[in-house]
Amino acid sequence: MDAVSVAAAPDVAVARAIAAPPAHVRDLGRMAYEPVWRAMQAFTDARTEQTPDEIWLVEHDPVFTLGQAGKPEHVLMPGDIPVIHVDRGGQVTYHGPGQIVAYPLLDLKRLKVGVREYVHRIEQAVIDTLGDWNIVAQRRDGAPGVYVNDAKVAALGIRVRRGCTFHGLAFNIAMDLEPFRRINPCGYAGLQVVAMDDLGGPNDLDAVKPKLLEHLAVQFGLRLQPAPPELFATPSP
């Protein structure tokens with residue numbers, strides 16, 4: 001590469017970053033599951049071709065969620081933790097304190113990304129985030145999610161409506177894993193589940209969130225913009 005090309009490269013990178021479509025990021029803190037789910041549905045139903053994409057981050061109160069085709073027999077002994085039947089794909093999973101739940105609300109048509117590729121890119125963002133702490137992770141064919149030494153560290157459950165995504169990713173950071181023993185996680189009896197801090201990573205969600213967002217932005221070519229942490233029942237202008 002000649003000197004002129006080398007000098008121009010940073011300007012090209014800056015121009016591409018500026019041209020990248022915006023995505024509003026809302027960190028909702030800790031919230032119950034159902035209000036966030038209903039807000040995702042409302043946002044997706046009301047959005048137009050001009051609505052900017054959003055990524056919501058949340059830490060849920062303890063809850064089991066069962067996908068739309070989920071089998072109740074995979075919920076073994078929920079005890080005092082509520083079970084909610086929802087409209088995402090997949091079987092049963094657990095959300096609770098110490099877990100980052102990321103909801104990408106993306107227009108796949110506008111991004112020119114297919115559903116299979118969408119799943120692949122979310123998995124890669126998690127794999128790259130773990131790699132920032134030298135944790136080697138993999139995906140599995142036919143079993144969406146991210147795994148370390150055959151134990152699942154992140155689960156995926158998505159829904160696409162009119163080409164737009166909701167639901168998303170649950171990434172175990174530093175949490176009590178006991179509730180996973182009350183279910184067949186993702187419909188697999190005996191599936192081992194692990195958290196990032198058990199693998200030598202941080203036990204602070206706030207340390208992981210910026211890295212995860214950074215890798216999601218890279219995977220989807222987005223320019224992230226912070227937004228107020230309130231839930232919106234209709235898309236922001």
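The values are calculated or read from the model by the stated rules, or taken from the named source; none is laboratory data. Predicted model, so just to flag it, every value in this text is computed and none were measured. We place every Cβ from the backbone using ideal geometry, glycine too, and count neighbours over all the protein chains shown. SASA here: full protein model, heavy atoms, side chains in, ligands and nucleic acids out. Shrake-Rupley method; radii C 1.70, N 1.55, O 1.52, S 1.80 Å.
Between R38 and R140, what length comes free when the chain is fully extended (0.36 nm per residue of separation minus the Cα-Cα distance, one decimal in nm)?
Result: 33.7 nm gained on full extension.
Above 17 Å lies some portion of the pair distances; for region 146-202, what is it as a whole percent of all C-alpha pairs?
43 percent
Relative to the longest principal axis of the C-alpha atoms of the chain, give the angle of the C-alpha long axis of helix 3-19, reported between 0 and 90° and rounded to the nearest 10°.
So the inclination is approximately 50 degrees.
What longest region of the chain stays clear of trypsin sites (Lys or Arg not before Pro) that DSSP places outside H, G, I, E and B and that have at most 12 other Cβ atoms within 10 Å?
1-111
Report, in degrees rounded to the nearest 10, the 0 to 90 angle that the Cα long axis of helix 205-220 makes with the longest principal axis of the chain.
60 degrees
Starting from 0.36 nm per residue, how many nanometres of slack lie between K109 and Y188 once their C-alpha separation is accounted for?
Between K109 and Y188, full extension yields an extra 25.2 nm.
Which whole-number percentage describes the relative contact order of the chain, with Cα contacts under 8 Å and a sequence gap of 6 or more?
27 percent
Calculate the length of the line joining the C-alpha centroid of region 91-159 to that of region 30-51, in whole Å.
20 Å
Charges only on Cβ, +1 for Lys and Arg, -1 for Asp and Glu: so what's the dipole of region 54-172 about the Cα centre, in debye to the nearest 20?
Charge dipole of region 54-172: 620 debye, to the nearest 20.
For V83 and D132, calculate 0.36 nm times their separation in residues minus their Cα-Cα distance, and state this gained length in nm to one decimal.
The span from V83 to D132 would gain 14.2 nm if fully extended.
Rounded to the nearest 10 degrees, what's the angle between the helix 33-46 long axis and the longest principal axis of the chain, both from Cα atoms, 0 to 90?
With rounding to tens, the tilt is 40 degrees.
In terms of modelled amide H atoms, which long-range or inter-chain residues lie less than 5 Å from the amide H of W56?
It is R26, Y103, L105, by chain and number.
Along its three principal axes, how long is the chain when you only count alpha carbons? Whole Å, largest extent first please.
Sorted largest first, the three principal extents are 65, 41, 30 Å.
Carbon and sulfur atoms: what percent of the 1.4 Å accessible area of the chain do they account for?
Summing carbon and sulfur atoms, their accessible area is 55 percent of the total for the chain.
Which FRET efficiency value, to the nearest 0.05, is calculated for R181 and V218 with the Förster distance at 35 angstrom and r the Cβ-Cβ distance?
For R0 = 35 Å, the calculated efficiency reads 0.50.
For K71, which lysines qualify as cross-link partners when the Cα separation must be under 17 Å and same-chain residues fewer than eight apart are set aside?
Here the lysines satisfying the reach criterion relative to K71 do not exist.
What number comes out for the charge environment of A125, summing +1 per Lys or Arg and -1 per Asp or Glu over other residues with Cβ under 15 Å away?
Value of the local net charge: -2.
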